[in-house]
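A short write-up of the structure that comes next.
Read-outs: derived from the displayed coordinates by stated rules, not from any lab. Just so you know, these numbers come straight off a predicted model, no measurement behind them. Here Cβ is always computed from backbone atoms with ideal geometry, including for glycine, and neighbour counts include all displayed protein chains.
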Amino acid sequence: MSPFWPSVTKLWHMEPYPSISPTRPELSAAGKTVVVTGGATGIGLSITRAFAAAGCTRIAILARREEKLLAAKAQIEKDFPGVQVLALVTDIASEKQVDASFAKIAEVFNDDRSNVNGSASGKGKIDVLVANSGFFPTPGNILDSNTDLGDWWQGFQTNVLGLVHISRAFLRHSKPIVVGERGGPRIINISTAIATIPPLQAGISSYAGSKSAGAKIFDYIAMENPGLKVFNLHPGIVTTDMAKKSGRDGSDHVDLPGYFCVWLASPEADFLSGKWQWVNWDIDELKARAKEITSTPLLTTMLDGVDFRNFNGNFNDI
């Protein structure tokens, strides 16, 4: 269908389509180890199931609610025989809990490497981290004295600090990062379009601000770690508990973000590292524009109307 939001592609998808099907051999996740935070419900569960459908047999899911984790584990292992799901109760705002969970992943999936990008071998080294955990504070105008600033600040604790916690833990347990390698370790940050567009709704400054900050942090993670693939992804508008909290109904199929993440985890999507994507955009059109995307600021977070392409960032030249 034609886009009804501003779009970089002519085709606009609200349902899964063949090019991102997890059953495509080119998108196989067989042999990979994948970690999905917030992987027990909603969009996170969609992502977890998509990787299982793509042949991944080692998946760790992290979330705060044990009953949801255990239910997701049981259902996935029933629907996808041979898949091992490690369910770990984790609040990503706690560095201690995150470090303990990643250590457990290393233990269970036989990762014997303890140093960052060391040489020891182990089949449990993590290939993909999907940073899906998020917190949506109760809506309230930021300067309204009735707005709970503790709840407002929790958005930053989870959506910014938590993002850093899991990214650091991932790097300690990821497969070696090789500059110029096709494929390789990657982090997919499940963000939101709200982080990049003008304010459309009052009362969501914490969610928008924290998600914007998280996306910018990923710009620096990409710059500071050459060879590590990183992606900022708008997962569409899907009916989830978080979406209900925002007062909006979903319009996109719940499987769409999961399938798109499987594609981002494949070498086909390497050219989009360091860029923004929306699950609604057509990947075949994106691939056709790969040279343009990699050689220009297209799909990056920048100041509209100011061209930084020839700026080298050296303030000593001023």
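Comparing mean-square fluctuations of Ile237, Ile217, Ile105 from a GNM of the chain with C-alpha springs under 10 Å, the top value falls on Ile217. In order along the stretch 25-38, phi translates into HN-Hα couplings of x, 5, 9, 4, 9, 4, x, 8, 10, 10, 10, 10, 7, x Hz, rounded to whole numbers, per the Karplus curve 6.51 cos²θ - 1.76 cosθ + 1.60 with θ = phi - 60° and x for Gly and Pro.
Taking all Cα pairs closer than 8 Å and separated by 6 or more residues, the relative contact order of the stretch 1-71 comes to 28 percent.
Averaging 1/r over every pair of different alpha carbons in the stretch 12-64 and inverting the result gives a Kirkwood radius of 11.6 Å.
Normalising by residue count, the stretch 130-203 has a Cα convex hull of 112 Å³ per residue. Under 12 Å from a label point 7 Å along Cα→Cβ of Trp153: give me every residue in the stretch 77-113 with its amide N that close. Within reach of a label on Trp153, which here means backbone N under 12 Å from a point 7 Å along Cα→Cβ, the stretch 77-113 contributes nothing. For Met14, no residue 5 or more places off, or on another chain, has a built amide H under 5 Å of its own. The packing ranking of peptides 297-307, 146-156, highest mean first, is 146-156, 297-307, where packing means the average number of other beta carbon atoms within 10 angstrom of each residue. Counting only DSSP beta bridges whose two residues both lie in the chain, roughly 5 percent are antiparallel.
For the chain, the mean residue ellipticity at 222 nm estimated from helices alone is -10000 deg cm²/dmol, where every DSSP H run of n ≥ 4 contributes -39500 (n - 2.57) and the total is divided by all residues, rounded to the nearest 500.
Relative contact order for the chain: 20 percent, from Cα pairs under 8 Å spaced at least 6 residues apart, divided by residue count.
Under a 5 Å amide H cut-off, with hydrogens placed 1.01 Å from N, Gln84 pairs with Arg58, Ile59 among residues at least 5 apart or on other chains. The modelled label-to-label distance between Asp144 and Thr300, using points 7 Å beyond Cα along the C-beta direction, is 3.8 nm. Straight-line cross-link partners of Lys104 among the lysines, defined as a Cα under 30 Å from its Cα and at least 8 positions apart when in the same chain: Lys32, Lys68, Lys73, Lys78, Lys96, Lys123, Lys125, Lys175, Lys211, Lys216, Lys229. GNM remark for the chain: springs join alpha carbons under 10 Å apart, and the peak mean-square fluctuation among Asp284, Asp252, Asp99 falls on Asp284.
Expressed per residue, the C-alpha convex hull volume of the chain stands at 154 Å³.
Within the listed set Lys211, Lys125, Lys287, the Gaussian network model of the chain (springs between alpha-carbon atoms below 10 Å) gives the highest mean-square fluctuation for Lys287.
Residues whose amide H lies under 5 Å from that of Val230, counting only those 5 or more places away or on a different chain, are Ile187, Gly274; hydrogens are built 1.01 Å from N in the peptide plane.
Along the stretch 167-175 the Karplus relation, 6.51 cos²θ - 1.76 cosθ + 1.60 evaluated at θ = phi - 60°, assigns HN-Hα couplings of 5, 5, 5, 4, 4, 5, 10, 7, 5 Hz to successive residues, with x for each Gly and Pro.
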